[in-house]
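Presented below is the structure to which this report refers.
The values are calculated or read from the model by the stated rules, or taken from the named source; none is laboratory data. Quick caveat: nothing in here was measured; it's all calculated off a predicted structure. Here Cβ is always computed from backbone atoms with ideal geometry, including for glycine, and neighbour counts include all displayed protein chains.
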């Protein structure tokens, strides 16, 4: 695997210098083993939360693979932080392009910095984080495709940012909740809302997962990267209670399921 590791590092640094590289798959011979290498794009997006802005400082991401055993750390250079609020309802941002062996990703490790900034109702909040390194083990390993693959890191703001009141002050305790998904085995739900509210929170809920979005001011919504299965579609009303608007929506891999126009009271 030493030769494979050297080639992967070369490809990663080469892509940083020259930008985009034409997608391809290499066959690397390592003694008696043959390891295929694939190009992977890593994107970040946010599950919705009602705040003005959330600039999160992510320093590096490490992917740990098995079959074959391999580990690679990617350092990110966005020192200003990434405003998660900008990346919901189908929007995402490209974090990096990397090269990995065609393997099963079993876990990933995210290292955070200290330059986090949260604003809500024009007020800046104190940010407290206990641990900067967080390891996420996957219940089901992600098998990378032999050809180009896209991975999506879903950052759940609602669960990650906890507003804590301490005397007369309110601060944010950071407990990151992230989920790694592959575009090759997930689908999407899209539709249109007729609603008097300008901001509506929508969630696709199954027995195993909950993924949300915020509808646009025009009413369009898109919930992406849903694992295959059957979901309830719910929304939060003005009283902050959730209501089921569609009881059963079937999601299939690599497909967008349209639910049409939904009328809310």
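Of the residues 155, 163, the single one that is touching a residue at least 12 places away in the same chain (Cβ under 8 Å), in contact with a helix residue (DSSP H, G or I) (Cβ under 6 Å, 6 or more places away or on another chain) and assigned to a strand (DSSP E or B) is 155. Would you be able to say whether some residue in segment 108-115 is more than 18 Å from residue 174 (Cβ to Cβ) and surrounded by fewer than 16 Cβ atoms within 10 Å (Cβ to Cβ)? No, segment 108-115 contains no residue that is more than 18 Å from residue 174 (Cβ to Cβ) and surrounded by fewer than 16 Cβ atoms within 10 Å (Cβ to Cβ). Is one or more of the residues making up segment 24-47 modelled with pLDDT under 85, farther than 22 Å from residue 142 by Cα and touching a strand residue (DSSP E or B) at 6+ places or on another chain (Cβ under 7 Å)? There is no residue in segment 24-47 that is modelled with pLDDT under 85, farther than 22 Å from residue 142 by Cα and touching a strand residue (DSSP E or B) at 6+ places or on another chain (Cβ under 7 Å). Confirm whether residue 131 is touching a strand residue (DSSP E or B) at 6+ places or on another chain (Cβ under 9 Å) and without any contact (Cβ under 8 Å) to a residue 24 or more places away in the chain. Yes, satisfied.
What about residue 150, is it under 23 Å from residue 213 (Cα atoms), part of a strand (DSSP E or B) and over 18 Å from the mean Cα position of the chain (by Cα)? When the stated conditions are applied, residue 150 does not pass them.
Does residue 217 satisfy the condition of being over 18 Å from residue 177 (Cα atoms) and not in a loop (DSSP other than H, G, I, E, B)? When the stated conditions are applied, residue 217 does not pass them. For segment 169-202, filtered to residues that are modelled with pLDDT of 90 or more and in a loop (DSSP other than H, G, I, E, B), the residue that is surrounded by the most Cβ atoms within 10 Å (Cβ to Cβ) is 176. One residue stands out among those in segment 243-258 that are loosely packed, with under 15 Cβ neighbours inside 10 Å and more than 20 Å from the chain's Cα centre (by Cα): the one that is farthest from residue 200 (Cα to Cα), which is 250.
Being out of contact with any strand residue (DSSP E or B) (no Cβ under 9 Å at 6 or more places or on another chain) and in a strand (DSSP E or B): is that true of residue 139 here? Against the criterion (out of contact with any strand residue (DSSP E or B) (no Cβ under 9 Å at 6 or more places or on another chain) and in a strand (DSSP E or B)), residue 139 qualifies. Scanning segment 203-222 for residues that are buried (at least 19 other Cβ atoms within 10 Å of the Cβ) and either farther than 18 Å from residue 156 by Cβ or in contact (Cβ under 8 Å) with a residue 60 or more places away in the chain (or both) turns up 211, 212, 213, 215, 221.
When segment 54-89 is filtered for residues that are part of a loop (DSSP other than H, G, I, E, B) and more than 24 Å from residue 128 (Cβ to Cβ), the ones remaining, listed by number, are 67, 68, 69, 77, 88, 89.
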